[in-house]
Amino acid sequence: MSPVQKKNYGFVKRLLVWAGTAALIMSLAAAASLFTLSYNEACDEQDDLLEEVTGVLARLDISSKHPSALWMDDDDFEDWFTLDENSPQAIAPAGSTVLVRTLHKGGQTIRAVFDQDLYDGAQTLFISGTEYRLYLRTLSGGQHIAVAQRMKEIEKIARQTALAASLPLLALSLALFIILAGVLWYSMKPIHALASKINNRQPDDLTPIDTQGLPTELLPMVDAFNGVLFRIDELRQRESRFVADAAHELRSPLAALSLQAERLEKATMNEPAKKQLKDLRISIDRATRLVSQLLSLKRAQTQSVKNTEKKTVLSETVAAVIEQIWADAEKKKIEIEVLGFDEYDQDGTLTVDVAEDDLFSILRNLIENAVKYCPEGSTVTIELQSLVPFKMNVHDNGPGIPKEERERVFDPFYRVLGTGETGTGLGMAIVKTLAERNGLQITLNDAYPLAENGQKGLMVTLQTKIVCS
C-alpha cells in the first residue's frame, strides 16, 4: 500500500491563520480586561459624581445660615458641618423619611421611607421598585442629604465608557492583522519573482541563478538549485562528449566501408551479389546519415547562440537550402514554389534575427522532409506570410501527420508508421531544438484540411515575435 500523500499547504496562509488566531485571542483577552477595568472605573466615577453633588447640595443648604460655607475649604467644611462616616450618628434609621434628589428628570426629589438603616456613603437600593445608586451625607445638625441615580443609567454610561476604551484596541488588532498580511504578501514577492524567472528560462539554459538582491532566507534553496544545475550541466556535457566521440569513432569505419563498397561496385559480379551490394550501400548511407544527425542534434542541444551573429539574410539561406535538395526534388519531379518574397523582400536583403547555421538546418530539414514524403509530381511551397511577427510556412500535399502524433514527431527517434520512407527520426527533434533556442515557435497543421482525396498534406509554421528588418 502506498503511503498517504501529504497535502501541500500555503506558508503565508498558515502563518496568517496562526498569527491571526493568536492576535485574536490576545486582543479579546486584553479587550475583556480593559472593558472590565473601564466599566468598574466608570462606576467609581459615578459614585464620585454623586458624592460631589451631595457636597454641593450640603453647602447650599448650610449657606442660608452660614454664607461662608460656599467658599470654605473642603476639610474645614467637613469638620464644621458634616459628620464623619464612621460616626454613630451618621445614619438614617429605618422608617425615617429621607428626601432623595435624583440625577434625572431635572433633579426630581423623591420622598422615600426605607425599611433599613442607611449609612453615609454610596450604596445600592430600591426606591419604588427601581434600583438606584444612592449617596448619603449627614450634616452635623442631623439633616440628611441624599442623591441617587438609576443603576440602568450608571450601567449604560459605564458600558459606553468601557466600549469606547476597548473598541479601539480591537480595531487596532484588525489593522495590525491587515498590515501583517500586506507585509507577508510583499515579502513573498521575491519568491514569486524567482519562480517566474525559473519558469521563463529556456530548456537549455543551465546558467546559475543570480543571488544578488535575494532575501538571505532564499539563498540556501537557490544555492542548492544552482548545484543541481551544475551537476545537470556536467552530466549533459559528459553525455554529449560520449555521443560525439561515439559518432566520431563510427565515422571512420563507415567511411572505410563506403570506400570498399565503391570499389566493389566497379568489380564484376553476378546479379544476386549486385543486389546485396546495393542493400549494403543503402545501410551504410543510412548509418552515416544517422551519425551525422546525432552530431547535429547534440550540437543543437549544447551550443548557445548568445555570442553568435543572429542577422541572417532570409532569401540567401532559402536559396542555399533549395540548391542542396534540388537534385532529390528533380528525381521525384517535385516543384518547389516560393511565395511572399516578392511582396516582403523585393530587393533580397531581408534579415531575420536567427543564427545563419541554425536557420539553414531548420529549413533544410523541413523542406527535405516535405520532398521526401510528397508523391511524385507534387508541389512543395515555401511561403513568407508576414514580417512582424516573422511567420513562414512550408507546406506540401503529402499524407500529413495525424493530430494525435504531431507533438511526438519532435521526440528523438520517433517516426510516423506507414509512410514507407526510411529515416533517422531526428530531423524534427533538431528543428524543434534549434527553433526554441532562437526564440522561434514551430507548429504543425493540415495544409489542405478540406481536401476530398484524403491527402491533407502538412503545413509547418515557423514564427516569432522578433522584429525583422
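Each value in this text was obtained by applying a stated rule to the coordinates, not by laboratory testing. Just so it is clear, the structure is predicted and the values come from calculations on it, not from any experiment. Please note: Cβ atoms are built from the backbone with ideal geometry, for glycine as well, and neighbour counts cover all protein chains shown.
Just going by the charge dipole of the chain, with Lys and Arg at +1 and Asp and Glu at -1 on Cβ, which of Pro168, Val431, Leu50 is farthest out on the positive end?
Val431
When the helices in the chain are scored as -39500 (n - 2.57) per DSSP H run of 4 or longer and the sum is shared across all residues, what 222 nm value do you end up with, to the nearest 500 deg cm²/dmol?
-18500 deg cm²/dmol
Treating the angle as unsigned and between 0 and 90°, give the value, to the nearest 10°, between the Cα long axis of helix 219-266 and the longest Cα principal axis of the chain.
On a 0 to 90 degree scale, this one is about 10.
Taking 0.36 nm per residue of separation and subtracting the Cα-Cα distance, what length does fully extending Trp80 through Leu229 add?
Full-extension gain reported as 44.0 nm.
Find the lysine pairs in segment 311-464 meeting two conditions, Cα atoms under 18 Å apart and a separation of 8 or more places or different chains, and report how many there are.
Lysine pair count for segment 311-464: 8.
Relative contact order of the chain: what whole-number percent is it, with Cα pairs under 8 angstrom and at least 6 residues apart?
10 percent
Report the antiparallel proportion of the DSSP beta bridges in the chain as a percent, rounded to a multiple of 5.
Looking only at bridges with both residues in the chain, the antiparallel portion is about 85 percent.
Please go through segment 48-131 and write out the trypsin sites (Lys or Arg not before Pro) that DSSP classes as loop and that have at most 13 other C-beta atoms within 10 Å.
When the trypsin sites (Lys or Arg not before Pro) of segment 48-131 are filtered for loop state and at most 13 Cβ neighbours within 10 Å, Lys65, Lys105 remain.
For Arg201, Arg137, Arg238, what ranking results if the residue with the fewest other Cβ atoms within 10 Å of its Cβ goes first?
Arg238, Arg201, Arg137
Give me Thr216, Thr211, Thr82, Thr433 sorted ascending by neighbouring Cβ count inside 10 Å, so fewest comes first.
Ascending Cβ contact count within 10 Å gives the list Thr216, Thr211, Thr82, Thr433.
When DSSP beta bridges are limited to those with both residues in segment 11-160, what percentage is antiparallel, rounded to the nearest 5?
90 percent
Take Val460, Val98, Val12, Val183 and order them by how many other Cβ atoms sit within 10 Å, fewest up front.
The most exposed by this proxy come first: Val183, Val12, Val98, Val460.
Relative to the longest principal Cα axis of the chain, at what angle does helix 271-302 sit, 0 to 90 degrees, rounded to 10?
On a 0 to 90 degree scale, this one is about 30.
Thr381: net charge of surrounding residues, Cβ under 10 Å, Lys/Arg +1, Asp/Glu -1, itself excluded?
It works out to a net charge of -4.
Hey, what angle do you get for helix 151-199 against the long axis of the chain, alpha-carbon based, 0 to 90 degrees rounded to 10?
10 degrees
Compute the separation of the alpha-carbon centres of segment 156-227 and segment 315-347 and state it in Å as a whole number.
Distance between centres, Cα-based: 57 Å.
Note down the relative contact order for segment 311-464 as a percent, whole number, built from C-alpha pairs under 8 angstrom at least six residues apart.
Normalised by residue count, the contact order of segment 311-464 is 23 percent.
Counting Lys and Arg as +1 and Asp and Glu as -1, what is the net charge of the other residues whose Cβ lies under 10 Å from the Cβ of Ile442?
Neighbourhood net charge equals 0.
What residues have an amide H closer than 5 Å to that of Ile334, excluding those fewer than 5 places away on the same chain, when H is modeled at 1.01 Å from N in the peptide plane?
Those qualifying (amide H under 5 Å, at least 5 residues apart or on another chain) are Gly377.
Please list 3J(HN,Hα) in residue order for segment 26-36, calculated via the Karplus relation 6.51 cos²θ - 1.76 cosθ + 1.60 where θ = phi - 60°; whole Hz, with x for glycine and proline.
5, 5, 5, 5, 5, 5, 5, 5, 5, 4, 4
Among residues other than Val222 whose Cβ falls under 14 Å from its Cβ, what is the net charge (Lys/Arg +1, Asp/Glu -1)?
-1
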